[in-house]
Amino acid sequence: MNIENSKKAIEGFSRREFLVAATGAAAFFAFGGISCSPKNQKFQLPALPYPETALEPVISSNTIGFHYRKHHQGYVDNVNKFISGTAFAKMPLETIIIETAGKPERIAVFNNAAQTWNHTFYWNSLKPEGGGEPTGELKNLIAKSFGSLRVCKKELADAAITQFGSGWAWLAYNGETIEVMQTGDADNPMTQGLRPLLTIDVWEHAYYLDYQNKRADYVSAVIDKLINWEFAARNLKEVTGGVS
Ligand code: MN
């Protein structure tokens, strides 16, 4: 992660693109239920977009319960604790992530802000009866970027399976095409100037209760049965304005 490159990439956005991206992000957070309350300047744990049992049998309610109510809540509580009384307390979550990325002295704020954002994004990247195929602009851009949906899904699975240790696999939009990325720990494509479209959590807490060491089984089941292509399509549309 190189913050100077990130800043250059972000500055490289035209004003219109930046506003579209920022507005899209705001719309996403409204959708995801995350908000920065003007009263207490604290982030809230957003409601899950489905019941905790809704992703069974691919992901158990036991896993979702711990992951959402313990892990995700913990990141929200910690980011609120770390930003309290600082300039970060008045910033949107995405701004905090960009401002603290690559700064060792801000690593605790970055980790908890990014993990708060990443988990909300992950819950929305999944849905009951997901999987299948994307349509419209997303379908076309995947074909342009990867040659086929099969190759896209294979690269996404490989990124998720081969990420060493804790982290995330992503589809992200670079302004022209869609890329598969893998990031370690809390990192997120936005720190490199890319717009996340969807993600798979490959921290062990995401799958170990259900799959133990078989991360590949978790990844393939998520891609085949839970991936929310409509969510990715909405994220793409927010940043492109629907132009394919
Ligand atoms: Mn997680």
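A few comments on the model shown:
- Loop-located trypsin sites (Lys or Arg not before Pro) across region 159-235 with a Cβ neighbour count of 14 or fewer within 10 Å are K214, with loop assigned by DSSP.
- Gain on full stretching of the segment that runs from T95 to D224 - 0.36 nm per residue minus C-alpha separation: 43.1 nm
- Neighbour cut-off at most 10 other Cβ (10 Å), DSSP loop, chymotrypsin sites (Phe, Trp or Tyr not before Pro), region 84-191: F164
- Proximal aspartates and glutamates to K127, defined as alpha-carbon separation beneath 16 angstrom and excluding residues fewer than eight positions away on the same chain: E52, E56, D201, D224, E230
- When the listed pairs K81/K154; K103/K154; K81/K153; K70/K103 are checked against a 31 Å cut-off, the alpha-carbon distance exceeds it for K81/K154; K103/K154; K81/K153.
- The alpha carbons of region 136-240 occupy a box of 38, 27, 20 Å along the principal axes, longest dimension given first.
- Per-residue Karplus couplings for region 114-123, computed as 6.51 cos²θ - 1.76 cosθ + 1.60 with θ equal to phi - 60°, are listed in order as 5, 5, 4, 5, 4, 5, 4, 5, 5, 4 Hz, Gly and Pro entered as x.
Every number in this text was worked out from the coordinates using simple rules, so none of it is lab data. Predicted model, so just to flag it, every value in this text is computed and none were measured. All Cβ positions, glycine included, derive from the backbone under ideal geometry; neighbour counts span all protein chains shown.
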